[in-house]
Amino acid sequence: MAGTPLEAAKEKAIAAVDKLTPGNDLFCYPAEEIAAYKEAVNAAETVEAVEAIALPKQNLPEEEAYYNIENKTAEGLYLNGTKISSAKGETKLEATEGGYYIKFDGGYLNVKANSTWDMELAENPVTVWTFNYVDGFYTLKNSYGLLGTDDTAEGSSVYADKSADNN
């Protein structure tokens, strides 16, 4: 347990950065950035100095690049019976405040209006997604929960909060 406010601030900062996923993959944090952050925190001489240190920068997708999105928990990613997972690098991640919009050929992946989990492809982006790299896979999450599917495999529907955030 920290004895001084400075020690407490340093412990809190180090604990927060220890929760980040280090690595070279997208949405991970370069190990050298994490190490530099810890060094700066340990060298700080005031609580204000600790709080002013910028967190490590995440590895982010290229602005104009296209990506594949596949659901590894089922046979694919379907919306209203139509497979929307991209096997040809046709999915675009468009940066916006707080995360990304996901765009497939048929439109942007959004939570339906007046819903907390039904999804739709729409002409305009609404739903902001965040990505997290966990054990070699990515999780996609919006304000309602993780992107997942029901358990019916072929023709399975996409939901925003399925199985209590386990997908």
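The values are calculated or read from the model by the stated rules, or taken from the named source; none is laboratory data. All values derive from a computational prediction rather than experimental measurement. Don't worry about glycine lacking a Cβ; one is built from the backbone with ideal geometry, like all the others, and counts go over all protein chains shown. Quick note on the areas: whole protein, heavy atoms, side chains included, nothing else; ligands and nucleic acids left out. Shrake-Rupley method; radii C 1.70, N 1.55, O 1.52, S 1.80 Å.
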* All but one of (1) modelled with pLDDT of 80 or more; (2) open to solvent by 30 Å² or more (accessible area, probe 1.4 Å) hold for residue 82; which doesn't? -> (1)
* Structure fact -> Of all strands (runs of 3 or more DSSP E) fully inside region 95-148, the set with 2 or more residues that are open to solvent by less than 30 Å² (accessible area, probe 1.4 Å) and in contact with a strand residue (DSSP E or B) (Cβ under 8 Å, 6 or more places away or on another chain) is 99-104, 107-111, 119-122, 137-142
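Looking at region 63-79, which of the residues that are under 18 Å from the mean Cα position of the chain (by Cα) and under 21 Å from residue 124 (Cα atoms) is modelled with the lowest pLDDT?
Restricting to residues being under 18 Å from the mean Cα position of the chain (by Cα) and under 21 Å from residue 124 (Cα atoms), the top hit is 77.
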* Give region 124-167 a look and list any residue that's at pLDDT below 85 and of a type in the set (A, V, I, L, M), or say none. => 134, 140, 146, 147, 153, 158, 160, 164
